[in-house]
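Throughout, read-outs are computed from the coordinates displayed, never taken from laboratory work. These numbers come from a predicted model, not from an experiment. A quick note on method: Cβ atoms are made from the backbone with ideal geometry, for glycine too, and the neighbour counts reach across all protein chains shown.
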């Protein structure tokens, strides 16, 4: 399978409407840190080609991230103006009588907002998810107290304001300005809820058009580069950050062996011959019974080439037009820079788990080198699934409930919007000063899919990962053995090597005056074997 085909329905790559893409698009409204990282990688570091987007379309994710940031920044700007008036009147003593309450009212309200934001967590945005974004790292009684602490502080604040009014104090500013601050927060939260229902629900997302980036030469240039690169068969890598976008390594292994025997007729075994015999063996896994729902039915088999960092992004765009030539020249090349891989990918658990097995074959000087490097993309963050809860909520009688919610959680949301305003200014200023488009060439540092993933998988998911990886490894090794047999080479050592290495063991063909160490913190010493009889020397296996 080559570059994902374009469809008229999507007006974009085949993964534009995938479930993983939908959840990542929703995640930028729920998680401020995730949103900032997406914009940082794709906008602030425009010199970096995008990492392979396996199972997703990164462009609509970036489009939603920029949209969320722009709306939240506007909310923060309005709140900043209200805060300036609130603080100014407080310092002037107008409408903020301190006779009953000794602390300035704007300080008290700012304290409430700060505590609310801290409880929500550093990933919070102006669109809160009630308990979904509360910190989960607390233990014991604190875990029960923290969720209600913002509500208690709000009740204390408004109770103090009410008592001051009853005592005849002139504190109208302490009432009016907090209520004014709720309006832009309420407007932003209402906008996000409406957008989720109209664009990010399951049905609307699958039927709707592809989200577009904002107008402007910069974003149009970035969008065109993303479309060129994210599903291309040619990608850039940094030697210290290989396989970015594929996930975490999962039990990689390799085989290096001497090719013995063989009736090659003067034509030695090549890497292309091995690849051409391995691919059909893998593609056969798609065949299954009519009722099967095994993810192997949608197995993707492709070839790709990794190029070392050094090409500027516009120069890399020209190399993409020469992809076929790179594929043919790099297979079996065995170089340390340009590297050819056969990639086999399975999108399991509705693209929550992505298994990629990369295979590299090299034959040179009568040696066979086989490298098998499985990688796993972990599931997306569970809080992103809150999009379905919001999409299914009824709108009947929602206004009073939303007003009460924003009254209780608004102070923290206001702090989040203010920080978003500050970070946006810093980000735009950094881009303007550094001009990343002309920075030194670099390789991708993170992928959008990886940024939205969790660290662990469930037991069932681990079982499926192991099953898929072992199935693919079996087909890969049998394909290589078939290639060796077709050329008349001996396959016994290879089959024994694969059985041991793929299962996590070590196969030792022959040693002489050597040492072997296996396992963590193990050690070995070389032992000289005395001559025995005529044979002399010795071997261990």
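For region 18-67, just say rounded, prolate or oblate: build the C-alpha gyration tensor, square-root its eigenvalues into a ≥ b ≥ c, call rounded for a/c under 1.5, and beyond that prolate if a/b exceeds b/c, oblate if not.
Verdict is oblate for region 18-67.
Please work out the FRET efficiency for the pair residue 298 and residue 455, using the Cβ-Cβ distance as r and a Förster radius of 22 Å; give the result to the nearest 0.05.
0.25
What does the C-alpha gyration tensor say about the overall shape of region 29-112? Classify as rounded when a/c is under 1.5, otherwise prolate if a/b is larger than b/c, or oblate.
Prolate shape, in that a/c is at least 1.5 and a/b is the bigger ratio.
When you count, for each residue, the other Cβ atoms within 10 Å and take the mean per peptide, how do 299-310, 33-44 rank with the highest first?
Values: 299-310: 18.6, 33-44: 20.4.
Per-residue mean Cβ counts within 10 Å order the peptides as 33-44, 299-310.
Under a plain spin-label model, where a point goes 7 Å from the Cα along Cα-to-Cβ, how far apart in nm are residue 402 and residue 107?
3.6
Describe numerically, in nm with one decimal, the distance between label points set 7 Å from Cα along Cα→Cβ at residue 430 and at residue 241.
1.3
Kindly rank 24-31, 227-234 from highest to lowest mean number of other beta carbons found within 10 Å of each residue.
24-31, 227-234
By how many nm would the segment from residue 206 to residue 490 lengthen if fully extended, with 0.36 nm per residue of separation less the alpha-carbon distance?
Answer, rounded to one decimal: 97.0 nm.
Need one word for region 340-463: rounded, prolate or oblate. Basis is the Cα gyration tensor (sqrt eigenvalues a ≥ b ≥ c); a/c below 1.5 gives rounded, then a/b vs b/c decides.
The shape class here is oblate.
Using a 10 Å cut-off on Cβ atoms, rank the peptides 59-68, 183-192, 245-254 from the highest mean neighbour count down.
The most tightly packed comes first, giving 59-68, 183-192, 245-254.
Assuming R0 = 35 Å, what is the FRET efficiency of residue 438 and residue 321, from their Cβ-Cβ distance, to the nearest 0.05?
0.95
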